[in-house]
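Since the structure comes first, as structure tokens, the remarks are kept for the end.
The values are calculated or read from the model by the stated rules, or taken from the named source; none is laboratory data. Bear in mind the structure is a predicted one, so any value in this text is a computation, not a measurement. Note: ideal-geometry Cβ built from the backbone for every residue, glycine included; neighbour counts use all protein chains shown.
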Amino acid sequence: MSIAKTQTSESFRLSALLSFSGGLQDAYTYNMRDGVFANAQTGNVVLMSQNFMQGEWNKGLHYMLPLLSFAAGIFLAERIESRFKTGSKIHWRQIILFIEIAMLLAVGFMPTGVNMLANIMVSFSCAMQVQTFRKVHGYGYASTMCIGNLRSGTESLSQYFRTKEKGSLYKALHFFGIILIFATGAGIGGVLSARFGIGTIWISPAILLVVVLMMLKE
């Protein structure tokens, strides 16, 4: 078995925690922060363009700023990786996780009057996560969205039916498992948001802290 498949950052358990958190964050921003998606930027692009075309400039910005924030999160995560990848005191992924935890904790204190800022921060955090954790057992995946995972999982399942190779089935089950866990996080996030309000987001930094501890143990 290769080293990449045994790293904690690429384990299914860690990926499951990240996917659960990603689903919860999407449900949280949609239900509690004015119907904006934290992760599903395709949806934000559609709504942004639609509003701009209709002359609804303020509504268009409502979706454009989280989109730009997502791009900025990708950019910063890549810069942190480049700067600290060879460091020995702390892993670059842990640095990003600590930034995510701090930002999501802050979001839980923000009133609904600053929903725009809250959405920007959650989108930024999600982008850093999807850029930082990109493999599960050596397979490329996304912990904060489903479309790529659905494509890869279905492709692998088709390959299994065609070739009967167990490796393809194993790969497909990984992707479908991640999708199921993401959906579970989204469902629970929606239910808890209705009950506990804006503080529901604090579940995510608690999960990310567990991820940090898992990596420290390694």
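The table that follows gives values for the structure above.
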item	result
Within segment 77-181, helices (runs of 4 or more DSSP H) holding 3 or more residues that are buried (at least 17 other Cβ atoms within 10 Å of the Cβ) and at positive phi	none
Residue in segment 191-202 that is farther than 19 Å from Val107 by Cα and modelled with pLDDT of 95 or more present	no
Qualifying positions in segment 107-158 - touching a Pro at 6+ places or on another chain (Cβ under 6 Å) and without any contact (Cβ under 8 Å) to a residue 60 or more places away in the chain	Ile120
Which listed residue is under 22 Å from Ser143 (Cα atoms), over 15 Å from the mean Cα position of the chain (by Cα) and hydrophobic (A, V, I, L, M, F, W, C), from Leu68, Leu61, Leu18, Leu47	Leu68
Condition broken by Val210, with the remaining ones in (1) more than 20 Å from Thr112 (Cα to Cα); (2) buried (at least 16 other Cβ atoms within 10 Å of the Cβ) satisfied	(2)
Some residue of segment 177-190 being farther than 14 Å from Asp26 by Cβ and not aliphatic (A, V, I, L, M)	yes
Candidates Gly87, Gly113 - the one that is over 16 Å from Val211 (Cα atoms) and modelled with pLDDT under 90	Gly87
Every residue from segment 172-218 that is more than 16 Å from Cys146 (Cβ to Cβ) and of a type in the set (S, T, N, Q)	Ser193, Thr200, Ser204
Count of residues meeting criterion [touching a Gly at 6+ places or on another chain (Cβ under 7 Å) and under 24 Å from Ser123 (Cα atoms)] in segment 142-175	4
Test: residue in segment 28-39 that is at pLDDT 90 or above, under 28 Å from Met214 (Cα atoms) and assigned to a helix (DSSP H, G or I)	yes
Which numbered condition Tyr139 misses (of (1) under 23 Å from Thr8 (Cβ atoms); (2) of a type in the set (Phe, Trp, Tyr); (3) in contact with a Gly (Cβ under 7 Å, 6 or more places away or on another chain))	(3)
